[in-house]
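Beneath this line is the structure, given in structure tokens, with notes to follow.
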Amino acid sequence: SKEAADPGHDAGAAGGVGNGCPRRTSMDEGGYMEKQIWKPGNMLYPLPVVLVTARGRDGRDNVLTVAWAGTVCTNPPMLSVSVRPERYSHKLLCETGEFGVNLTTEALAWATDYCGVKSGRDVDKFAAAKLHKKKSVKIRVPLIEESPVNIECKVKEILHLGSHDLFLAGVEAVHADERYMDKNKKFDLSMARPIVYSHGEYFALGKKCGTFGYSVRRNEKKQGK
């Protein structure tokens, strides 16, 4: 059974071409191709794909792939992951209320997919995916040594939303791999070659096309001439 928080399971829920609708070729008044109207579905892509580590009351550890994860709050630092109740790891998250979020890279792409399609009920995914455990400092759940960033989390609230439960968690500690510090001692995640998930596929991030606030800075420079 699939462990992941449905990367791809609901991705095709929006209808369009998949429902046999003809492809439109007409233009709207602005000269743009018209867009098809699909039924409601999860089409917010691409998404970060992370490896979530969990531990049950019996001390058994597991890794699950989650594409439905996100930042919730800066102060206090909080994030969320969404998991279907029938997943093996859902039980572990509920039992201990702690988990690790481990960022993924190109080098971890195979392990990321494997941990999303295999169940912790049947296999030790740490061993099978050749992942090494890293000790946490604030929680009892192990982290993944190969990940460039590890985030220790404690569950604050579980929201029962329907097909998924959302685990709202506070960030207790962050581990950043020193290998990805640039010459100015600033952490540069791009050096780790992170990956994202989009509609059933994994992608390596491409070239940088801007930095935060660059559009304003460019305008300010033009006005100052």
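Just a few scattered comments:
- Net charge dipole, the stretch 108-225: roughly 720 debye, given to the nearest 20, about the Cα centre with Cβ charges of +1 for Lys and Arg and -1 for Asp and Glu.
- Across the stretch 180-188, computed HN-Hα scalar couplings (Karplus, 6.51 cos²θ - 1.76 cosθ + 1.60, θ = phi - 60°) run 10, 8, 7, 5, 9, 6, 9, 5, 10 Hz from first to last residue, x flagging Gly and Pro.
- FRET efficiency for LYS39 and HIS199, using Cβ-Cβ distance with R0 set to 22 Å, rounded to 0.05: 0.85
- Dividing the convex hull volume of the alpha-carbon atoms in the stretch 18-146 by its residue count gives 182 Å³ per residue.
- Label-point gap, in nm, between ARG57 and SER163 - each point 7 angstrom along Cα→Cβ: 3.1
- Lys, Arg +1 and Asp, Glu -1 on Cβ, resulting dipole of the stretch 20-159 about Cα centre, debye, nearest 20: 440
- Considering the stretch 88-196 at the alpha-carbon level, its Rg and Dmax are found to be 15.0, 47 Å.
- ³J(HN,Hα), Karplus 6.51/-1.76/1.60, whole Hz, each residue of the stretch 118-128, x for Gly, Pro: 9, 9, x, 5, 10, 8, 7, 6, 4, 6, 5
- Between GLU178 and GLU86, the simple spin-label model (points 7 angstrom out along Cα→Cβ) gives 4.7 nm.
- Peptides 125-134, 31-40 ordered by average Cβ neighbours within 10 Å, highest first: 125-134, 31-40
- Residue list for the stretch 166-191, given a label point 7 angstrom along the Cα-to-Cβ vector of PHE212 and an amide N cut-off under 17 Å: 186-190
- Averaged over its residues, the stretch 138-202 has an accessible area of 57 Å² per residue, based on protein heavy atoms and a 1.4 Å probe.
- Of the peptides 109-117, 52-60, 184-192, 202-210, the order by per-residue mean of other Cβ atoms within 10 Å, starting with the highest, comes out as 109-117, 52-60, 184-192, 202-210.
- Taking amide hydrogens as placed 1.01 Å from N in the peptide plane, the amide H of GLY41 sits under 5 Å from that of no residue at least 5 positions away in sequence or on another chain.
- Rounded to whole numbers, the Karplus 3J(HN,Hα) couplings from phi for the stretch 130-144 are 6, 9, 9, 7, 10, 6, 7, 10, 10, 10, 9, 8, x, 10, 10 Hz, using 6.51 cos²θ - 1.76 cosθ + 1.60 with θ = phi - 60°, and x at Gly and Pro.
The values are calculated or read from the model by the stated rules, or taken from the named source; none is laboratory data. Just so you know, these numbers come straight off a predicted model, no measurement behind them. Positions of Cβ are backbone-derived with ideal geometry, glycine not excepted, and every protein chain shown enters the neighbour counts. Please note that ligands, DNA and RNA were not included when accessible areas were found on the heavy atoms of the full protein model with its side chains. Shrake-Rupley method; radii C 1.70, N 1.55, O 1.52, S 1.80 Å.
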